[in-house]
Structure formats: structure tokens, C-alpha cells
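Colleague: My structure is below; once you've seen it, I'll send some questions.
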Amino acid sequence: MGEDFINSFTAFNMSRDLPVVSVSQLTTMIKEVLEGVFPRVAVIGEITDLSVAKSGHCYLTLKDEGAQLPCVIWRSYFTQIPFELRDGLEVLCRGRLNVYPPHGRYQFIIERIELGGWGAAELALRQLKERLAKEGLFDEARKRPLPKYPRWIAVVTSPSGAAVHDFLTALRERFCPANVLIVPVRVQGEGAAEEIAQAVRRVNDLALPIDVIVVTRGGGSAEDLGAFNTEAVVRAIATSRIPVVSAVGHDIDVTLADLAADVRALTPTDAAFKVIPSREEVTEAVNALAVRLRSSAELRLRMGQAMFERTANHPFFRRPKDWLYEKVQTLDEWDKRLDRAGHLIIERFSQQLQQKITHLESLSPLAVLARGYSMTFVHPDGPLVVEASALRPGQQIKTRFAQGSAVSRIEEVLASS
């Protein structure tokens, strides 16, 4: 169809009577030709002018030394890209050409995108590592030491792989009084990452007193170790309340699970060496404790002997009667001092009491009467008379003297002059 249109357009162009078309018609004709000639195309170039609209669609430009190509990635595919797009990234894009009539320009609809320099999986892994590192999931400060003598060990691995055999064999060669719980999972393939992460979380929820978790497999290619480079496994290990040992692959294969674990082991055998001490280490520790116990017992024995000697040489045990008589003599002296102190206290209080009695007597109305004064009351039980105007002729009064009293009648009340 595209060739027929080009031939027809060339024939029209060579004739003297050119067809007259509108802008929309011309654009539609170009759209049919362009999309018909290039139904699918693969383009390699460098990303520039990258932007994501509110709709979720991604717009960018592919460029090289001589040209630029406007591109769009619809949201349905953009959200599934396994790595982060950014300006300057070289990519290989597959898709189709499209003409956008409102702007009268063509654009490239990207339906699949791959990395030109880095592999997509490798870049995605690097970006995931950087993002998790920024969250602090690989920080050494958050890693915990393993228990010296674990009682329960949970091993998350494939029950049919060589890793579990190597781990258990190495444990038998060590000092291994611990119980081992095998948690079976797939360690590679689809769904393996989810199984491993779920197993680590499930062990944390067990009622058993698990002391350490070992996540292990027997090495493999980068693709085989893919499950241990997933965000789900890293987060499960980093958030585990139980210390985790990661024994995945070999020395040259460092997975994200290794970085997140509290302790990294090179192999399943190395994991057993790190989790359980050797018989030689235990024997050495027991001998050291025996030496410390013997030294402590000897020190306590010497301290006891010294205390016994001090007690045996005490005067009470050498001359008990003399010691008792000294204490009795001291008691007699304290008795005399107490008796003297009691007499002094009584005498001092007697003097203070006499002083208070003398002071009260000096303030008593009776003492005033003894000096020739008297008190007059309205007879028989009336109030004290303090002024003459309170009396009336013929009224009886009672006068109190220092010795006795007298009753009299008022003949006349004289006003004060």
C-alpha cells in the first residue's frame, strides 16, 4: 500500500495539475504512508528530555550524533520497566512509528525497551541496591552478634539441595547440642523469593525459642541467585528480630541478602562454623572457666581462713570472762552517767517550773488585792463593777478583799469630779 501511494504521489507531483488537499488530509496521507511502511522498527539511541506526565505516560527523545526522535511510552508498559530510565542512558527500543495529527509530527511508540550498555537485570539490581542502601538496610550499625551457644537453629533452604547436607555435616563435626529446624523452600525459579521471605517471617512468629536463622543455598550462577537479590527477601531479613546468617553462593557472589544479613557466610559449611563453636573452642572455654573457678575457690578459701584467724584471736575467745566484765563495767558507767543526767534534768525543770509559778502569781488578781485593793461585784452574782455610774442607790454590792468579802447597800452614787 505504501509503495502504491508513493508511486501515485510521484505521478501527481510530475503532472502539471497538482491535487489540492487540506492540512488534515495531507497529514492523514502521511500517517498512512509512514505507519504502513514502518509497522515495526528497532531504534538505538540516547535518552534525553525525559518526563512523566500526570497521566502516567512517559515522554522522551532518542538522539544520536545526527538526529532526534520524539518517543512516548504508554503508562501500561512504563510501570513494568524493570529499571529506572534517566537522561543519558543508552537504550534499544522496539515499537512502531506514529503520526500525531494535532501537532503534525511523527513520534515513536516504544513497546519494549532494553539497555544498550548495561544489561537490564544488572542495572535493576544496582538501582535496587542503591535504594535499599539509602534506607539503611545494609548498615553495619544495625547488625547484631550471633548467640555464642544457640539452642535452636532454623535453616531456610531447599530440603533436597546440597546446602542442607553440607550444613548438617559440618554441625556434626562441631560442638552441636542445638536443635535444628529445617524450613523447606525453593531457592531458585519463579516464586522462590516469596517463599524465602515468607519462611523468614514465619520463623520469627514461631513459638519455638529460635536463636538464629540460616538462609542458605549451594551457590550457582547469577540467574540462580536471583531470588536472593529481591527486595522481598532483603526486607524480610532486615526486619527479622532473630539474627540471620546468609550463606548464598561463594566468595565472588555477593547477593543483597548477604548485605542485609547480620552475618555473611561464604558457604553452608562456613555458616555452620560461624553459628556453632568447634569442640576445641568449647574445650578451651571450659578449661578457662575451670581455671577461673579454681582461682575463685582458692581466693575464697584464703579469705575464709583469714577471717577465722581474726575471729579466733579476738579477746572474747581468748579471755571471755575479761571481755564480759569489761562490758559489765562499761554498762555500770553508763548507768551512773544516766542517773546523774536524770537528776540534773529534774532539777533544771524544777527551777523552770518555780520561775513560771512566780511569774503567774505576780500576774494574779489576788496578788493585787493583797496590796490593799478590792473588787466590787453586783450582789449576788453580778458583773464586776468598774465605774460608779453603773450603780443605783439601794442596790446591794459585794466587795472582795484579799481575805474575805463584805455585802453592802448603796446609799448614794457620786459622779466623778
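The values are calculated or read from the model by the stated rules, or taken from the named source; none is laboratory data. Keep in mind the model is a prediction, meaning the values are calculated, not measured. Neighbour counts run over all protein chains shown; Cβ positions are idealised from the backbone, glycine included.
Colleague: When segment 239-257 is examined, which residues are found to be at pLDDT 90 or above and under 17 Å from residue 154 (Cβ atoms)?
Modeller: Selection gives 239, 240, 241, 242, 243, 244, 245, 246, 247, 257.
Colleague: Looking only at segment 1-46, which residues are closer than 20 Å to residue 98 by Cα, part of a helix (DSSP H, G or I) and either of a type in the set (Gly, Ala, Ser) or modelled with pLDDT under 55 (or both)?
Modeller: Those that are closer than 20 Å to residue 98 by Cα, part of a helix (DSSP H, G or I) and either of a type in the set (Gly, Ala, Ser) or modelled with pLDDT under 55 (or both): 2, 5, 6, 24, 36.
Colleague: Against the definition (among the hydroxyl-bearing types (Ser, Thr, Tyr), without any contact (Cβ under 8 Å) to a residue 60 or more places away in the chain and assigned to a helix (DSSP H, G or I)), how does residue 269 come out, yes or no? Before the answer, list the steps.
Modeller: On the way: among the hydroxyl-bearing types (Ser, Thr, Tyr): yes; without any contact (Cβ under 8 Å) to a residue 60 or more places away in the chain: no; assigned to a helix (DSSP H, G or I): yes.
Judged against the criteria, residue 269 is not a match.
Colleague: Does residue 123 count as part of a strand (DSSP E or B), touching a Phe, Trp or Tyr at 6+ places or on another chain (Cβ under 6 Å) and surrounded by 15 or more Cβ atoms within 10 Å (Cβ to Cβ)? Even if it seems obvious, please write down each step before you answer.
Modeller: Details: part of a strand (DSSP E or B): no; touching a Phe, Trp or Tyr at 6+ places or on another chain (Cβ under 6 Å): yes; surrounded by 15 or more Cβ atoms within 10 Å (Cβ to Cβ): yes.
The answer is no for residue 123.
Colleague: On to the next question. Every residue in segment 135-150 that is more than 11 Å from residue 260 (Cβ to Cβ) and either surrounded by 11 or more Cβ atoms within 10 Å (Cβ to Cβ) or not assigned by TED's automatic domain parsing to the domain that holds residue 231 (or both), please.
Modeller: 144, 146, 147, 148, 149, 150
Residue by residue, here is whether (1) touching a residue at least 24 places away in the same chain (Cβ under 8 Å); (2) loosely packed, with under 10 Cβ neighbours inside 10 Å; (3) not polar (S, T, N, Q) holds:
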{"residue": "259", "(1), (2), (3)": "yes, no, yes"}
{"residue": "310", "(1), (2), (3)": "no, yes, yes"}
{"residue": "315", "(1), (2), (3)": "no, no, yes"}
{"residue": "323", "(1), (2), (3)": "no, no, yes"}
{"residue": "326", "(1), (2), (3)": "no, no, yes"}
{"residue": "330", "(1), (2), (3)": "no, no, no"}
{"residue": "339", "(1), (2), (3)": "no, no, yes"}
{"residue": "348", "(1), (2), (3)": "no, no, yes"}
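Colleague: Hey, among the residues in segment 197-231 that are touching a strand residue (DSSP E or B) at 6+ places or on another chain (Cβ under 7 Å) and under 17 Å from residue 126 (Cα atoms), which one's surrounded by the most Cβ atoms within 10 Å (Cβ to Cβ)?
Modeller: As a first pass, look at segment 197-231 and keep what is touching a strand residue (DSSP E or B) at 6+ places or on another chain (Cβ under 7 Å): 199-200, 203, 208-217, 225, 228.
Pick out the ones that are also under 17 Å from residue 126 (Cα atoms) and you get 225, 228.
Working: 225: 21, 228: 28.
By that ranking, first place goes to 228.
Colleague: Only one of 283, 330, 269, 311 is in the same structural domain as residue 165 (by TED's automatic domain parsing) and among the hydroxyl-bearing types (Ser, Thr, Tyr). Can you tell me which? Explain how you work it out, then say what you get.
Modeller: Working: 283 fails: in the same structural domain as residue 165 (by TED's automatic domain parsing); 330 fails: in the same structural domain as residue 165 (by TED's automatic domain parsing); 311 fails: in the same structural domain as residue 165 (by TED's automatic domain parsing).
It is 269.
Colleague: Still on this structure, I have one more. If I ask for residues that are assigned to a strand (DSSP E or B), among the aliphatic types (A, V, I, L, M) and under 43 Å from the mean Cα position of the chain (by Cα), which ones from segment 48-64 would you list? Walk me through how you get there before you give the answer.
Modeller: Step one: filter segment 48-64 for residues assigned to a strand (DSSP E or B), giving 48-52, 58-63.
Still in the running and among the aliphatic types (A, V, I, L, M): 50, 52, 60, 62.
50, 52 - these are the residues of segment 48-64 that are assigned to a strand (DSSP E or B), among the aliphatic types (A, V, I, L, M) and under 43 Å from the mean Cα position of the chain (by Cα).
Colleague: Can you give me the number of residues within segment 54-91 that are loosely packed, with under 14 Cβ neighbours inside 10 Å and not hydroxyl-bearing (Ser, Thr, Tyr)? It would help to see each step written out before you state the result.
Modeller: Going through segment 54-91, the residues loosely packed, with under 14 Cβ neighbours inside 10 Å turn out to be 54-56, 64-68, 75-76, 79-80, 82, 84, 86-88.
From what's left, not hydroxyl-bearing (Ser, Thr, Tyr): 54, 56, 64-68, 75, 80, 82, 84, 86-88.
Count: 14.
Colleague: Related question: Kindly provide the set of residues from segment 401-417 that are at pLDDT 85 or above, out of contact with any Pro (no Cβ under 7 Å at 6 or more places or on another chain) and surrounded by 10 or more Cβ atoms within 10 Å (Cβ to Cβ), ordered by number.
Modeller: Listed by number, the residues that qualify are 405, 406, 407, 408, 409.
Colleague: Going by the conditions given, is residue 38 over 25 Å from residue 130 (Cα atoms) and surrounded by 13 or more Cβ atoms within 10 Å (Cβ to Cβ)?
Modeller: Working: over 25 Å from residue 130 (Cα atoms): yes; surrounded by 13 or more Cβ atoms within 10 Å (Cβ to Cβ): yes.
Considered against the rule, which asks whether it is over 25 Å from residue 130 (Cα atoms) and surrounded by 13 or more Cβ atoms within 10 Å (Cβ to Cβ), residue 38 comes out as yes.
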